[in-house]
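K.L.:
Okay, handing you the structure first.
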Amino acid sequence: MVICLEEAAVDFILPIRSFSKGFERLASVASSDERGDLAKKLAGTVASIAASHGSVTCVTADSAVVDWANSHGYGVIKDPGRGLNEACRLGIDAAESRWAVLHADLPYLSSADVEDVIRAGTGDVVVLCPTHDGGTSLISGTGPQFEFSYGVGSFHRHLAGASARARVVVLRGFALDLDTPYDLERWAERER
């Protein structure tokens, strides 16, 4: 089966709590300004890659993220602050086609990675991309019938929730998310 990527456009949902308060678990190794700059840089890269394959909508309550999203022509959904699961629910409820919740802390994400996920997401499947530490960096599906369950070890809960419709895609660009000082150190070592 050949899939035309133009016809398989995706509504990408980027939940971004804040740039200035992002990466709190990196506070022991990076200043607040450094963490904010890193959050904004990574969000810009991830959103730009996603935008080349579909629409981008940021779910946030932070005015700086709203201004940033508006300046790049991305959609914005106001996050009432009830947590990541609710932010993702708001995003997919607004999606008009296949949706993909994509996290903005993926330093190795590439356009080829996103193309692979789009290819995997045909029909009524739920595509799941795990992180190296058992999290979930991308979930893609259709319709509102998905129960988000973020937190430590979320990948296995999401996999169980997707049941027979699950298609797991393991790619380097989705595997490393920057959550801990160890993650940041691994990325910095590879960038040298």
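K.L.:
Measure nothing but the geometry: give the 0 to 90° angle between the long axis through the Cα atoms of 111-120 and the longest principal axis through the Cα atoms of the chain, rounded to 10°.
P.N.:
The answer is roughly 30 degrees.
K.L.:
Taking 0.36 nm per residue of separation and subtracting the Cα-Cα distance, what length does fully extending Glu185 through Arg82 add?
P.N.:
34.0 nm
K.L.:
Quick one, what does Rg over Rh come out to for the chain if you take C-alpha atoms and the Kirkwood Rh?
P.N.:
0.94
K.L.:
Scanning the chain for GluC sites (Glu not before Pro) in DSSP loops with at most 13 other Cβ atoms within 10 Å, what's the longest stretch left with none?
P.N.:
8-95
K.L.:
Next up: Quick one: work out the % antiparallel among DSSP beta bridges in region 10-191, nearest 5. Could you put the intermediate results ahead of the total?
P.N.:
Numbers: 8 of 24 bridges.
If I count the DSSP bridges inside region 10-191, around 35 percent turn out antiparallel.
K.L.:
Among Pro15, Pro80, Pro130, which one shows the biggest mean-square fluctuation in a GNM of the chain, springs joining Cα atoms closer than 10 Å?
P.N.:
Pro80
K.L.:
How high is the relative contact order of the chain? Use alpha-carbon pairs under 8 Å, at least six apart in sequence, and give a whole percent.
P.N.:
That works out to 23 percent.
K.L.:
Express in nm, to one decimal, how much length is gained between Val168 and Ser111 on full extension, taking 0.36 nm for each residue of separation and deducting their alpha carbon distance. Walk me through the intermediate numbers first.
P.N.:
Working: separation 57, 0.36 × 57 = 20.52 nm, distance 1.81 nm.
Once the chain is fully extended between Val168 and Ser111, it gains 18.7 nm.
K.L.:
So how strong a dipole does region 10-191 carry about its Cα centre when Lys and Arg Cβ are +1 and Asp and Glu Cβ are -1, to the nearest 20 debye?
P.N.:
It comes to approximately 340 debye.
K.L.:
In Å, the Kirkwood hydrodynamic radius of region 43-153 over pairs of distinct alpha carbons?
P.N.:
About 14.5 Å for region 43-153.
K.L.:
Compute the angle between helix 32-51 and the longest alpha-carbon principal axis of the chain, please, reported from 0 to 90 degrees and rounded to the nearest 10.
P.N.:
20
No lab work stands behind these numbers, since they all come straight from the coordinates. Here the structure is a predicted model, which means the values were calculated and not measured. In this analysis, Cβ positions are derived from the backbone assuming ideal geometry, glycine residues included, and neighbour counts consider all displayed protein chains.
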